[in-house]
Amino acid sequence: LLEAQPGQIYVAWNGGLAKINTQTNQITYFDGVKGSIATKIPAIYDFAQLGRELYLATAGGIFTFNLDTEQFKSIEPCPEIKGKRINRIAVSTGGEVWLAMVGDQANIVRTNIQFDRWKFYHELEFTASSQTNTIYHLFIDKQGRLWTATSASGMALYDEHSDKFRII
């Protein structure tokens, strides 16, 4: 759930995106079919907002949704993550987009809102070959720091000065 604008709560789910008007309780569904991409939006696992854009982590990659035009846009990812299921997303006020993928042993990817620079972080990979370290959550606090919650490492904090994650 995300209150993207006053009185408008957005809900991401397996069938796309829905907007609830809290004054009238009217629900508007967006699945992408009638929009700009002419295909159904894959299951949405997480979403974040920056300005008038929602950034969506889905079973089919990354999408954006413009709150003014109510249109989806499919983002062309770098080759290393093409076709991967993005399960977490966070967007900083400075326009950094952070992604985590299912099945990628706690790899985190940082890009920008233009999606023209990509950097991979592998510090949170679990060293035991028999276990994975799934990222359950990405969170940017009011100070602009990125926190992660993982299945094996617990909490980690991104240190922008060293450009690495530190397990807490």
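Values computed for the structure shown
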| quantity | calculated |
| --- | --- |
| Candidate set: region 142-168, residues that are among the β-branched types (V, I, T) and in a strand (DSSP E or B); chosen: the one surrounded by the fewest Cβ atoms within 10 Å (Cβ to Cβ) | I167 |
| In region 30-54, residue modelled with the lowest pLDDT [restricted to those that are in a loop (DSSP other than H, G, I, E, B) and charged (D, E, K, R)] | K34 |
| Of all residues in region 130-141 being modelled with pLDDT under 90 and in a strand (DSSP E or B), the one that is least open to solvent (accessible area, probe 1.4 Å) | I135 |
| Complete set of residues in region 8-17 that are under 17 Å from the mean Cα position of the chain (by Cα) and either part of a strand (DSSP E or B) or surrounded by fewer than 13 Cβ atoms within 10 Å (Cβ to Cβ) (or both) | Y10, V11, A12, W13, N14, G16, L17 |
| T127 vs. criteria open to solvent by 80 Å² or more (accessible area, probe 1.4 Å), assigned to a loop (DSSP other than H, G, I, E, B), over 16 Å from I62 (Cα atoms) and at pLDDT below 80 | yes |
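The values are calculated or read from the model by the stated rules, or taken from the named source; none is laboratory data. Values in this document were obtained by computation on a predicted structure and should not be read as measured data. Backbone-built Cβ (ideal geometry, glycine too); neighbour counts: all protein chains shown. Only protein heavy atoms, including side chains, enter the accessible area calculation; ligands, DNA and RNA are left aside. Shrake-Rupley method; radii C 1.70, N 1.55, O 1.52, S 1.80 Å.
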